[in-house]
Amino acid sequence: MGNKAYETPNMSLAGSVVVITGASRGIGRGVAEILAKTGATVAVTARRMEDAENVAGEIQDAGARAVGYALDVRDVQSIDPTFRRIETDLGRVDVLVNNAGIGNNHDAVNVTESDWDEIMDVNLKGLFFCCQAAGRLMLARGYGRIVNISSQAGIVGIERHAVYSASKGGVNLLTKVLALEWGGRGVTVNAIAPTFIYTPGTADRLDQPEFRQSVLSRIPVGHFGTEQDVAAAIMYLASPAASLVTGTVIPIDGGWTAQ
Ligand SMILES: NC(=O)c1ccc[n+]([C@@H]2O[C@H](COP(=O)([O-])OP(=O)(O)OC[C@H]3O[C@@H](n4cnc5c(N)ncnc54)[C@H](OP(=O)(O)O)[C@@H]3O)[C@@H](O)[C@H]2O)c1
């Protein structure tokens, strides 16, 4: 041991207030459960109040803290008031996990205007206004952590993902701009870029043997990701210890984008 006394990095979210969008199922729900288990109070937001309350209720039944809120991120006018209400109810907003997202596969030649708008409204426009609403509260307090759930498809091209890739590429650059604007005021903004995770959103496609095989052949570690893998990265980026990390896009992709 040297003469210098090092403090153990604070990777704890215990006592933090965490807002998660799209937490009715899949990654959002998994992350809500995992972060609540670590001692965070989780604002579980979902399009339908019933879903939000169900997930929050299950977390409470397991002895952790969660409250359900209705939030459809396409309804931009409702976003700011919802975040302010969460702050009033729970005392503050320390962490935002922008998880709500949708994806459909289209051949680019067949993409319609409504396909484009549908994906962009949720994945990019909705995400931006959630960053803005949370950012306003966080900047006023001088502390905050925003983690945007992007995708490997925002880093490399994946065929039949034109609109989805464009939305996630937009998330990655938006993350960097917000990091620049807010970095000096205690608020970090990062993105994580998972490979395929088996969720209700991907099950249909991953259950097709040919598609499954083609995906696995492009993941060097040889398996899909899990909600746990995503939560682990969020836990670091959302923690006080990650104060020097901002404007990054961290692949959680088993090596997909290393190729
Ligand atoms: N699974 C993967 O392989 C993978 C890989 C990379 C990145 N991602 C990203 O990870 C995130 C979650 O994906 P997932 O696989 O868990 O998807 P999922 O199982 O389809 O769940 C998507 C979630 O987003 C919610 N949502 C959809 N539209 C919404 C809206 N307008 N407002 C609020 N919430 C909305 C859904 O709520 P409802 O129940 O109300 O529809 C649901 O809770 C997405 O951003 C996705 O792009 C996923």
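Values in this text are rule-based calculations from the coordinates and carry no lab data. Predicted model only: the values in this text are computed from it and were never measured. Note that each Cβ is placed from the backbone with ideal geometry, even for glycine, and that neighbours are counted across all protein chains shown.
Which aspartates and glutamates have a Cα less than 18 Å from the Cα of Lys37, not counting those fewer than 8 places away in the same chain? In chain and number order, the partners are Glu53, Glu58, Asp61, Asp94, Glu227, Asp229.
Highest GNM mean-square fluctuation among Gln132, Gln60, Gln208, for the chain modelled with Cα contacts below 10 Å: Gln208. Of the two radii for the chain, the radius of gyration is 0.97 times the Kirkwood radius, both from the alpha carbons; that is the Rg over Rh value. Put in order of Cβ neighbour count within 10 Å, fewest first, the listed residues Trp116, Trp256 become Trp116, Trp256. Counting neighbouring beta carbons within 10 Å and listing from fewest to most, the residues Tyr236, Tyr6 come out as Tyr6, Tyr236.
Under 27 Å of direct C-alpha separation, and excluding same-chain neighbours fewer than eight residues apart, Lys125 reaches these lysines: Lys168, Lys176. Build a GNM of the chain with springs between Cα atoms under 10 Å apart, and of Val111, Val97, Val31 the one that fluctuates most is Val111.
With 0.36 nm allotted per residue and the present C-alpha distance subtracted, the Ala203-Gln228 stretch has 7.3 nm of extension available. If one computes the Cα centroid of region 200-259 and of region 117-134, what distance in Å separates the two points? The two parts, judged by their Cα centres, are 21 Å apart. When the Cα atoms of region 90-191 are aligned to their principal axes, the ranges along those axes come out at 47, 24, 17 Å in descending order.
Taking a Cβ cut-off of under 12 Å around Gly135, the surrounding Lys, Arg, Asp and Glu residues balance to a net charge of +2, with basic ones at +1 and acidic ones at -1.
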